[in-house]
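S.K.: Questions regarding the structure given below will be posed in turn.
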Amino acid sequence: PPRPAGMGDVPEPCPQASLAVLSKVELRVSCKHLLDRDTLNKSDPCVLLLMQSQGQWMEVDRSEVIKSNLNPVFAKIFTVDYYFEEVQKLRFEVYDSHGQAGVGTHDDDFLGGMECTVGQIVAQKRVTKPLFLKYGKFAGKSTITIISEEISGNNGYVELAFRAKKLDDKDLFSKSDPFLEIYRIDDDRSEQLVYRTEVVKNNLSPIWEPFKVSLNSLCSCEEKRKLRCVVWDYDSRGKHDFIGEFYTTFEEMQKAMGENKVQWDCMNPKYKIKKRNYKNSGVVVLLDLKIHRVYSFLDYIMGGCQIHFTVAIDFTASNGDPRNSCSLHYINPYQPNEYLKALVAVGEICQDYDSDKKFSALGFGARIPPKYEVSHDFAINFNPDNDECEGIQGVVESYQSCLPKIQLYGPTNVAPIISKVARVAADEERTKEASQYFILLILTDGVVTDMADTREAIVRASYLPMSIIIVGVGNADFTDMQILDGDDGVLRSPKGEPVLRDIVQFVPFREFKNASPTALAKCVLAEVPKQVVEYYSYKAFPPRRPRPPPP
């Protein structure tokens, strides 16, 4: 869902600028004393999480349904993005679910709702509030508790595969229907449900489906933290029978990597006291454990990933004759034009991440010497074998010296330049290393003419190590350009194929005319770290080995 808007009325020129300090928060939900809506047995509750966006409540996610339980602890973990500078309103709604029909939204199925903000939950870590029915009426003594945890950096996740053997039989006419729960024991001795497996029917040696949990969730990223694992025999009326339990740590679980397996006796403390020859109530085996590390942007940069920067400049006739002071390409000795301002603001940040400080500089939409044919991807230094300039200053000089030599023309076709950078990025991708990522900065004064080809080129590029920043220069109507920036919905190729990841950021320069150059750079580059991490995570390329610091 779209990000909820802030409370202020003054629009920020760049809503994305805050993404650089984005945190993700995990929310766990439990309820007590829910209303009983079913005549024969208890309610089957499910929680819906809604978020307010532009005054509308949008459903973000929903929990599993817990059968016949008025005090449910939901296994589902809700993940929300947290923005410090915004009021993000949340609404939790609890419904009595009816099997196949799913979660009804009829009043008679509504067990109560509660509103709060992400900030309140994060500040208090644990929030318990009463549930309300329609018109502000209390839902009896019902309460809902939300516990929040920030997902910290370097937070990987782990994939676990469990089975059990020879569990105690708790059913008279059939075998037990076992499921497994894992609890993390916190410093205050309270227990947090980490995961609940599915139920395997009528089986004393069940094999549960493998599952993934974050290391933060499993053990707060502390390998020695105690975990309690409990096996139950499922009962459709919610009165599950206890089969047994065991204690372990993530450190101990890691012995199950590779070909090894780890197993524990599943113990029932009551039987242990009562029965003299009691050995166990079955064994639980960890068949496999895989750790997936989640890397940050800094992990990749510190591992030696270079950011290669290419700038593409619009030389179409709509910019106006460069000799005329009204032209967007006019070179004023006292005041850089908008093209130069945007180029310098963004380039100065990118150059810190590129060790050779050489930038590719291309032009499009002009007739170029010697034959004065229209080109949509020419080197502005007129060297077809090497389009690189020395540093930002080199790009500025090449731009100024090329202006008198070319004829501004048209149309505004950007697909050729996107495809050109994509070909270099594709060669880089074949190295299967996180060594080079490409940023293409397109500076244009109007809406692109080859929109269909541009959309196709962006979809192809979304599979490669590259991001595209488009800065609209001048006062044209850039409404159509917003389509390329996937913030309003997923960008698709003309055939309907969606981008793999959102790689385009569009901003009109006029929104920053009176702001400092850093504001423009902060805005257009804010999403790049996320895009770099998304790409390498999708490819499962780890960072290269960190370089030793220079002596």
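S.K.: Would you confirm, using the coordinates I've provided, whether S467 is open to solvent by less than 10 Å² (accessible area, probe 1.4 Å), assigned by the TED database to the domain that holds E348 and farther than 27 Å from L340 by Cα?
M.R.: Details: open to solvent by less than 10 Å² (accessible area, probe 1.4 Å): yes; assigned by the TED database to the domain that holds E348: yes; farther than 27 Å from L340 by Cα: no.
So S467 fails the test.
S.K.: Consider L328 carefully, then state whether it is touching a residue at least 12 places away in the same chain (Cβ under 8 Å), open to solvent by 30 Å² or more (accessible area, probe 1.4 Å) and not charged (D, E, K, R).
M.R.: On the way: touching a residue at least 12 places away in the same chain (Cβ under 8 Å): yes; open to solvent by 30 Å² or more (accessible area, probe 1.4 Å): yes; not charged (D, E, K, R): yes.
Here the answer is yes, as L328 does meet what is asked.
S.K.: Just to be sure before I move on: is V424 in contact with a Lys or Arg (Cβ under 6 Å, 6 or more places away or on another chain) and either open to solvent by less than 70 Å² (accessible area, probe 1.4 Å) or part of a helix (DSSP H, G or I) (or both) in the structure I sent? It would help to see each step written out before you state the result.
M.R.: Details: in contact with a Lys or Arg (Cβ under 6 Å, 6 or more places away or on another chain): no; either open to solvent by less than 70 Å² (accessible area, probe 1.4 Å) or part of a helix (DSSP H, G or I) (or both): yes.
Taking the combined requirement at face value, the residue does not satisfy it.
One line per residue, one yes/no per condition, for (1) within 20 Å of A476 (Cβ to Cβ); (2) not in a loop (DSSP other than H, G, I, E, B):
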position	(1), (2)
I273	no, yes
S281	no, no
L289	no, yes
Y295	no, no
L298	no, yes
F309	no, yes
C326	yes, no
Y330	yes, no
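S.K.: Now, a different point. Take segment 186-238 and flag every residue that is open to solvent by 30 Å² or more (accessible area, probe 1.4 Å), over 20 Å from M253 (Cβ atoms) and not in a loop (DSSP other than H, G, I, E, B).
M.R.: Once the filter is applied, which keeps residues that are open to solvent by 30 Å² or more (accessible area, probe 1.4 Å), over 20 Å from M253 (Cβ atoms) and not in a loop (DSSP other than H, G, I, E, B), segment 186-238 yields only W232.
S.K.: Moving on to the next point. Would you check if there is a residue in segment 519-540 being modelled with pLDDT under 90, touching a helix residue (DSSP H, G or I) at 6+ places or on another chain (Cβ under 8 Å) and open to solvent by 70 Å² or more (accessible area, probe 1.4 Å)?
M.R.: yes
S.K.: Within segment 288-300, is even one residue within 25 Å of R163 (Cβ to Cβ) and open to solvent by less than 50 Å² (accessible area, probe 1.4 Å)?
M.R.: At the first step, the residues of segment 288-300 found to be within 25 Å of R163 (Cβ to Cβ) are 288-292.
Still in the running and open to solvent by less than 50 Å² (accessible area, probe 1.4 Å): 288-289.
The answer is yes, given that some residue of segment 288-300 is within 25 Å of R163 (Cβ to Cβ) and open to solvent by less than 50 Å² (accessible area, probe 1.4 Å).
S.K.: Inside segment 434-550, counting only helices (runs of 4 or more DSSP H) that do not spill past its ends, which hold 2 or more residues that are more than 24 Å from F359 (Cα to Cα)? Before you say what the answer is, go through the steps one by one.
M.R.: Working: elements: 451-461, 517-525, 528-539.
Correct list: 451-461, 528-539.
S.K.: Restricting attention to segment 66-75, report how many residues are open to solvent by 60 Å² or more (accessible area, probe 1.4 Å) and either farther than 16 Å from H33 by Cβ or part of a loop (DSSP other than H, G, I, E, B) (or both).
M.R.: Initial filter on segment 66-75 (open to solvent by 60 Å² or more (accessible area, probe 1.4 Å)): 67, 71, 73.
Those still in the list that are either farther than 16 Å from H33 by Cβ or part of a loop (DSSP other than H, G, I, E, B) (or both) too: 67, 71.
Going through segment 66-75 one residue at a time, the tally reaches 2.
S.K.: Looking only at segment 334-361, how many residues end up being part of a helix (DSSP H, G or I) and not hydrophobic (A, V, I, L, M, F, W, C)?
M.R.: So in segment 334-361, the residues part of a helix (DSSP H, G or I) come out as 338-353.
Then drop every residue that is not not hydrophobic (A, V, I, L, M, F, W, C), which leaves 338-339, 341, 347-348, 351-353.
Here the count works out to 8.
S.K.: Would you confirm whether any residue within segment 358-376 is surrounded by 17 or more Cβ atoms within 10 Å (Cβ to Cβ), modelled with pLDDT under 95 and more than 19 Å from V471 (Cα to Cα)?
M.R.: yes
S.K.: Answer yes or no: is there a residue in segment 481-502 that is open to solvent by less than 80 Å² (accessible area, probe 1.4 Å), at pLDDT 90 or above and touching a Gly at 6+ places or on another chain (Cβ under 8 Å).
M.R.: Taking every residue of segment 481-502 in turn, at least one turns out to be open to solvent by less than 80 Å² (accessible area, probe 1.4 Å), at pLDDT 90 or above and touching a Gly at 6+ places or on another chain (Cβ under 8 Å).
S.K.: While we're looking at this one, here's another question. Give segment 184-205 a look and list any residue that's in contact with an Asp or Glu (Cβ under 8 Å, 6 or more places away or on another chain) and over 15 Å from E222 (Cα atoms), or say none.
M.R.: If the condition is that a residue be in contact with an Asp or Glu (Cβ under 8 Å, 6 or more places away or on another chain) and over 15 Å from E222 (Cα atoms), then L193, Y195, R196, T197, E198, V199, V200, K201, N202, N203, L204 are the ones that fit.
The values are calculated or read from the model by the stated rules, or taken from the named source; none is laboratory data. Quantities reported herein were computed from a predicted structural model and do not represent experimental measurements. As a convention, Cβ positions derive from the backbone with ideal geometry for all residues, glycine included, and neighbour counts pool all protein chains shown. All accessible areas refer to the heavy atoms of the entire protein, side chains included, with ligands and DNA or RNA removed. Shrake-Rupley method; radii C 1.70, N 1.55, O 1.52, S 1.80 Å.
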